[in-house]
Each structure stands twice: as structure tokens, then as C-alpha cells.
Amino acid sequence: MPPSQQPILQTKKWIQEVVIGCYFCPFAAAAVKQNNLHYTVENSSSDAICHQAVLTELIRLDQNKEIETSFLLFTHSFDQFDDFLIMLRKAELMLKNKNYAGIYQIASFHPAYLFNHSLETDPANYTNRSPYPMLHFLREKSIKAVLKDFKDIDQVPVRNIDFARTKGLAYMKLLRDNCLL
């Protein structure tokens with residue numbers, strides 16, 4: 001297996017076992033079943049190259065309408081969550097400046113994800129703790145179409161937090177860490 005495939009396989013396992021398995025995203029199972037997801041691994045530690053990779057993913061989505069959603073995994077950069085948040089802000093600014101606002105949305109995941117004002121030990125953080133720092137690009141049109149028929153979307157994060165806290169820190173950490181094996 002090429003080294004670039006390992007992060008993709010680990011991320012796919014995380015999506016299947018954590019995101020879908022814990023029902024953190026009610027739309028993930030359908031997207032995986034439709035097999036219209038794309039994964040890119042960026043191995044560079046250069047901020048400039050990583051930021052270019054964000055633009056490359058946006059262009060890829062523009063040019064490939066059959067790709068519904070895309071994951072950009074950073075394997076050698078943004079280990080610190082604060083550095084990742086800076087990159088995320090730059091990516092969101094790029095979305096706006098390149099006229100992609102309203103076309104795509106970016107969701108963020110990180111191995112050390114911390115919700116605002118949460119403690120490091122809060123199991124709820126594991127709803128967004130992934131194997132690698134990653135950006136998830138979603139088509140806004142598709143989100144709107146799915147949300148049209150979904151009741152109580154605002155309750156999803158509340159349910160996710162309750163689930164993670166009920167399961168506890170050890171369970172949530174083990175669940176995510178098992179995806180790295």
C-alpha cells in the first residue's frame with residue numbers, strides 16, 4: 001500500500017466507525033453509500049503549499065460535479081490546534097475571496113479538536129476529533145436539499161454532545177484511536 005493511502009484508509013475507517021457508527025452526521029452514510037467522496041492527502045509542512053491545496057480542492061469540486069464532498073487531509077502540518085484554526089480562517093477567507101461562498105462550505109476536524117470554552121478532557125470534543133487535521137468541503141446546494149427534509153437539524157450537535165459525554169472520554173478516545181490501527 002502506498003504511504004499516501006494509509007491516511008485515507010484510516011480516515012474512511014473513522015468516518016465509518018465514528019461519524020456514521022455514532023450517527024454524528026445523519027447524512028454521512030448516504031454519501032458513503034453513493035461513493036461520491038474524494039480524499040486528498042497533503043504531506044507538505046509548508047503553509048503555502050497547504051493553502052494552495054485548499055484552492056486545488058475547490059477547483060477540483062468545480063471541475064468534477066460527480067464529487068459530492070471532498071476531504072483534504074494534512075499529514076505533516078497543523079499538529080497544533082491553534083495553527084489549524086489559523087489555517088481554517090485563511091481557507092474560509094479564500095472561499096470568500098475566490099467567490100466560492102454560498103457554493104461550498106468547509107467543516108473542520110482535528111485530532112486535538114477543542115470546542116470553544118471546553119476542557120481538553122470533555123468527551124464532546126471527540127465528535128470532531130479525526131485521525132488527521134482535515135478540511136471537509138461540502139456543496140452548499142446539496143446541504144440545502146438534504147436539510148429541506150430534515151427535522152430538528154439544530155438538535156444534532158446537542159445529541160452528539162450528549163452521546164459522547166454518556167459514552168465517556170475513554171470510550172470516545174478508544175473509538176477514534178482504533179481507526180489509526
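The values are calculated or read from the model by the stated rules, or taken from the named source; none is laboratory data. Note that the coordinates shown come from a computational prediction; the quantities given were computed from them, not determined experimentally. Methodologically, a virtual Cβ is constructed for each residue, glycine included, from the backbone with ideal geometry; neighbour enumeration extends over all protein chains shown.
Each residue in region 70-82 was checked for being under 16 Å from the mean Cα position of the chain (by Cα) and part of a helix (DSSP H, G or I), and 1 pass.
Of all residues in region 29-58, how many are free of Cβ contacts under 8 Å to residues at least 24 places away in the same chain and either buried (at least 19 other Cβ atoms within 10 Å of the Cβ) or of a type in the set (Asp, Glu) (or both)? Qualifying residue count for the region: 1. Every condition in (1) among the charged types (D, E, K, R); (2) surrounded by 18 or more Cβ atoms within 10 Å (Cβ to Cβ); (3) touching a Pro at 6+ places or on another chain (Cβ under 8 Å) is met by Asp79 except one, and the failing one is (2). Within region 134-156, residues that are without any contact (Cβ under 8 Å) to a residue 60 or more places away in the chain and within 30 Å of Gln80 (Cα to Cα) sit with their Cβ atoms under 7 Å from residues that are surrounded by 10 or more Cβ atoms within 10 Å (Cβ to Cβ) and among the hydroxyl-bearing types (Ser, Thr, Tyr), at 6+ positions apart or across chains, in these pairs: Glu140/Tyr104. Scanning region 115-127 for residues that are touching a helix residue (DSSP H, G or I) at 6+ places or on another chain (Cβ under 9 Å) and within 15 Å of Pro157 (Cβ to Cβ) returns Phe115, Ser118, Asp122, Pro123, Ala124, Asn125, Tyr126, Thr127.
Any residue in region 98-113 that is assigned to a helix (DSSP H, G or I), crowded, with 17+ Cβ neighbours inside 10 Å and over 14 Å from the mean Cα position of the chain (by Cα)? It would help to see each step written out before you state the result.
Filtering region 98-113 for residues assigned to a helix (DSSP H, G or I) gives none.
Scanning region 98-113 turns up no residue that is assigned to a helix (DSSP H, G or I), crowded, with 17+ Cβ neighbours inside 10 Å and over 14 Å from the mean Cα position of the chain (by Cα).
Of the residues making up region 59-68, just one is assigned to a helix (DSSP H, G or I), surrounded by 15 or more Cβ atoms within 10 Å (Cβ to Cβ) and not charged (D, E, K, R), namely Leu61.
Filter region 160-181 down to the residues that are of a type in the set (Lys, Arg) and in contact with a Phe, Trp or Tyr (Cβ under 8 Å, 6 or more places away or on another chain), then identify the one that is nearest to Gly21 (Cα to Cα). Taking the candidates together, the pick is Arg176. The residues of region 1-31 that are closer than 26 Å to Ser44 by Cα, at pLDDT below 95 and either in a loop (DSSP other than H, G, I, E, B) or among the β-branched types (Val, Ile, Thr) (or both), listed by number, are Met1, Pro2, Pro3, Ser4.
Pick from Phe71, Phe24: which is in contact with a Phe, Trp or Tyr (Cβ under 6 Å, 6 or more places away or on another chain), surrounded by 17 or more Cβ atoms within 10 Å (Cβ to Cβ) and of a type in the set (Phe, Trp, Tyr)? So the residue among Phe71, Phe24 that is in contact with a Phe, Trp or Tyr (Cβ under 6 Å, 6 or more places away or on another chain), surrounded by 17 or more Cβ atoms within 10 Å (Cβ to Cβ) and of a type in the set (Phe, Trp, Tyr) is Phe71.
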